[in-house]
1. Based on what the data block shows, is Ile118 surrounded by 19 or more Cβ atoms within 10 Å (Cβ to Cβ), within 25 Å of the chain's Cα centre (by Cα), outside any helix (DSSP H, G or I) and not polar (S, T, N, Q)?
2. Give Tyr218, Tyr205 a once-over and let me know the one that is open to solvent by 60 Å² or more (accessible area, probe 1.4 Å) and in contact with a Lys or Arg (Cβ under 7 Å, 6 or more places away or on another chain).
3. Filter the range 236-263 down to residues that are touching a residue at least 12 places away in the same chain (Cβ under 8 Å) and in a loop (DSSP other than H, G, I, E, B) and give me whichever is surrounded by the most Cβ atoms within 10 Å (Cβ to Cβ).
4. Restricting to the range 337-348, name every residue that is surrounded by 20 or more Cβ atoms within 10 Å (Cβ to Cβ) and in a loop (DSSP other than H, G, I, E, B).
5. Listed residues Leu105, Leu65, Leu98, Leu87; which is among the aliphatic types (A, V, I, L, M), modelled with pLDDT of 95 or more, within 21 Å of Thr40 (Cβ to Cβ) and open to solvent by less than 10 Å² (accessible area, probe 1.4 Å)?
6. Looking at Asn231, is it open to solvent by 20 Å² or more (accessible area, probe 1.4 Å), more than 20 Å from His143 (Cβ to Cβ) and polar (S, T, N, Q)?
7. Looking at (1) touching an Asp or Glu at 6+ places or on another chain (Cβ under 6 Å); (2) open to solvent by 20 Å² or more (accessible area, probe 1.4 Å); (3) part of a helix (DSSP H, G or I), which is the only condition Trp133 fails?
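The values are calculated or read from the model by the stated rules, or taken from the named source; none is laboratory data. Just so it is clear, the model here is predicted, and its values are computed rather than measured. Here the Cβ positions follow ideal geometry from the backbone for every residue, glycine too, while neighbour counts run over all protein chains shown. Remember, those area values only see protein heavy atoms, side chains included, never the ligands or the DNA or RNA. Shrake-Rupley method; radii C 1.70, N 1.55, O 1.52, S 1.80 Å.
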Amino acid sequence: MINIAIVPLDSRPCNHSWLIKLSKIAGINSFIYPLEKCGTLYKKASFLDIITWLNALDKIDYLILSTDGLCYGGLVQTRTGEVDLDLVKKNINFLKDLKQKHPQLKIYSFDSIMRNSITSLDDESKKYYSLIWEYAVCYGRSHYLKLEKDLKRKEELETLIPINVRNKYLDARQKKLTLNKLFLKLYKDGILDYHILLQEDATPYGIQKMDQDQIINYLEEIGLNDFKFYNGTDEGGAVLLAKIIGEIYNLKPKISLIYPNKDILKKIHPFEDIEFEVNLLSMLKAIGIEVVDNSNIYLAIYSENQPYNLRLDKYEIIKPNNDKDYQLFVKKVNDKLNNNDMVFLLDLLFPNGGSPDLLKNFDYHKLSGYSAWNTASNSTGTLLCQLMASFVTKDSKLNQDFTIERVIDDCIYQYYSRRKTSEELVKEGHSINELHEYGKYAVKKINQYFKEFDIFNLEEKFNFFLPWNRMFEIELNLIK
């Protein structure tokens, strides 16, 4: 039996429970760092305890390693610079010792380039989130495009953002770059068997491009000229799990794409700085999936050329264009479903949720997978992992249950229940970023709106809770 150890990014479902479920779908024996010890919004995991946990494992063949989960104790902490660089540098050779203990061990790791802004921990930090984001955009644009309006606005923002907030942000970026280079060197030296570097939330020509330039120069310096990075972060563990599934089962699938028009492949999605096609091909290459013209396995990608964004604090209706491209896309997908082909639906109409108007065109029970939960790259990576796991599963119900959970969570909760509840909470003067004692009240409201928006006539029963006591995500499970 092949054993996989997982050091996740943090305790959020996309980084923890989903990896457990996807491993089970694929019939893989996985050990994941305990949930109660993983990083949260305010608490970081212990670097030294993770090392102790890994050293105590008897036999591991693969290690999926989030470098941020290991060194910072969670993704949120990367944005606040909460890391002891000296401690990490002193102890990072434990990875080499781990490989000596387990000669067969392959370490597959993923790292991130810091995103444009900070984390909305509370209403105070939320106040600076937008200002820091704009500052990062103007900082990069004034450097690369030399536009006077960007330089002027950057200088204005420097007077609006307290200097301690700004300095903490820039210091966190510098620490992140230091660790980016550390793990690239470990990959170059063969301590890491495979490594991906992902660009978290960004915009074209934002401040992150300056970080990327430094990384490109460092790659040339150490002789990793062919190493590429692309958009994403929260899907990193799933992409590596998908790669491992392919290796364990000697699986090299060939898939075909369905999309409304070729232009959507060139789209740069919200929170990203690279064309979608580049990100998709990077993930497919990492996993070992080939795109061909004729297959009975389909990745159906829906997007439109104009940018949509989903306000998380207010409910607004967003509908797809009911044009010829849309109608043809719907027909193609239904033709494949009626032919009993495997169809994995990737809804990229907008970030942070799925489109009920799109999904109601299909019998979701016939879909082999569905994803629409966050950024374009986040949604793509988790769906590709489900695609790989579903090929080898010995229990198709596990895969169907995961698909149904994604429909309820990604589409119904994120599109409707979350935003309707958030709108009420904001009107009543509550924070949706930290619910405090109003968590139970929010859950009651969410349940109410689940029932109100049951346009799919759900037969499945489920339970859920708010793992970080905020509105952004839920932990949802079908009741078996």
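1. Values: surrounded by 19 or more Cβ atoms within 10 Å (Cβ to Cβ): yes; within 25 Å of the chain's Cα centre (by Cα): yes; outside any helix (DSSP H, G or I): yes; not polar (S, T, N, Q): yes.
Against the criterion (surrounded by 19 or more Cβ atoms within 10 Å (Cβ to Cβ), within 25 Å of the chain's Cα centre (by Cα), outside any helix (DSSP H, G or I) and not polar (S, T, N, Q)), Ile118 qualifies.
2. Details: Tyr218 fails: open to solvent by 60 Å² or more (accessible area, probe 1.4 Å).
The match here is Tyr205.
3. Per the stated criteria, the residue is Pro260.
4. In the first step, residues of the range 337-348 are kept if they are surrounded by 20 or more Cβ atoms within 10 Å (Cβ to Cβ); the result is 337, 342-348.
Result: Leu348, single match.
5. On the way: Leu105 fails: within 21 Å of Thr40 (Cβ to Cβ); Leu98 fails: within 21 Å of Thr40 (Cβ to Cβ); Leu87 fails: open to solvent by less than 10 Å² (accessible area, probe 1.4 Å).
It is Leu65.
6. On the way: open to solvent by 20 Å² or more (accessible area, probe 1.4 Å): no; more than 20 Å from His143 (Cβ to Cβ): yes; polar (S, T, N, Q): yes.
No.
7. Just one mismatch for Trp133, condition (1).
Yes/no matrix, rows are residues, columns are (1) out of contact with any strand residue (DSSP E or B) (no Cβ under 9 Å at 6 or more places or on another chain); (2) in a loop (DSSP other than H, G, I, E, B):
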site	(1), (2)
Asn294	no, yes
Gln306	yes, yes
Asn309	yes, yes
Leu312	yes, yes
Tyr315	yes, yes
Gln327	yes, no
Asp335	yes, no
